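To start, the structure itself, in structure tokens.
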Amino acid sequence: MEEIQEKKRIDIAKLKKTGAVVLPSIFTIANMAFGFFAILLASDGKFVQAAWFIVLSYVMDMLDGRVARLVHGESSFGVEIDSLSDWISFGIAPAFLIYKLVLKDYGMWGYPVAFLYVLCGSLRLARYNLKSHFGGSDKDYFQGLPIPGAAGVMISFVLAYSLLEGEGGTRSIPQVSAIMPFVYAGIPFIVVTLALLMVSNAPYAAFKGDMVKMNSIKGILLITAVLSLIVAYPHDALFVFFSIYALSGIFGGIYNLFRRAPKEA
């Protein structure tokens, strides 16, 4: 009788563990689905809708990690499927979106630029997975630009540029709208730069661990300010925030080089 009860307890524990692994995977699959739908929309020329679908992928990507930690469902399977989803949603989808919107005008030269982004995104995710499995990751900083950050610059550009085309609303920041034509002209260079930043050693804030405490006064004020700007200027604010984040790693890397440089006697 005791053996039967023990077997039942083991079966229940296994069932709970399976549920803990499956639950966050649902959000991961939703992340993948929204990225795939974004590709379909971009192929039909619906660039703004495609960009917003990738934004939905961001939401799912944030939720799957939090749900996994909440139910203690972290697993090697979760790490792998999450990276595959990110590669579709933040690697292939934004590269295809930018190609259809801008890079196609460069003929055959647009091909290697778009592929370089996809390639470096896959390398960035592979490096992240290795660190997740074997340790060595930093709670406060990422090594290289995370692929969601790189994708954020590209999709927020699409959203901000759409205002010039009369799509998606009229609320814009005049200074951002003024530089959009120059950003459009520099897209090939920007995409290549984002690709190289992903595989670089530049330090990027992870916004986890003890770096930013969201329950502190400073954290609450920061979140309130960011959300207020996004609500007021949803297209341009996202472009500003993602661009600042991408540039922060460059400045951080330069600062580290000077700090480590040997001082003259």
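Sparse packing (at most 14 other Cβ atoms within 10 Å of the Cβ) combined with a DSSP loop state is found for the following trypsin sites (Lys or Arg not before Pro) in the range 76-180: K139, R171.
When both the range 152-203 and the range 79-115 are represented by their alpha-carbon centers, they are found 15 Å apart. Note on the range 21-69: Cα Rg divided by 2.2 N^0.38 Å, N the number of residues, gives 1.21.
Listed by Cβ neighbour count within 10 Å, with the fewest neighbours leading, E165, E80 appear as E165, E80. Potential lengthening of the chain between A178 and L23 amounts to 51.3 nm, from the contour at 0.36 nm per residue minus the alpha-carbon distance. In this structure, D105 and F251 have a Cβ-Cβ separation that, at R0 = 30 Å, corresponds to a calculated FRET efficiency of about 0.45.
Every number in this text was worked out from the coordinates using simple rules, so none of it is lab data. What you are looking at is a predicted structure, and each value in this text was computed from that prediction instead of being measured. In this analysis, Cβ positions are derived from the backbone assuming ideal geometry, glycine residues included, and neighbour counts consider all displayed protein chains.
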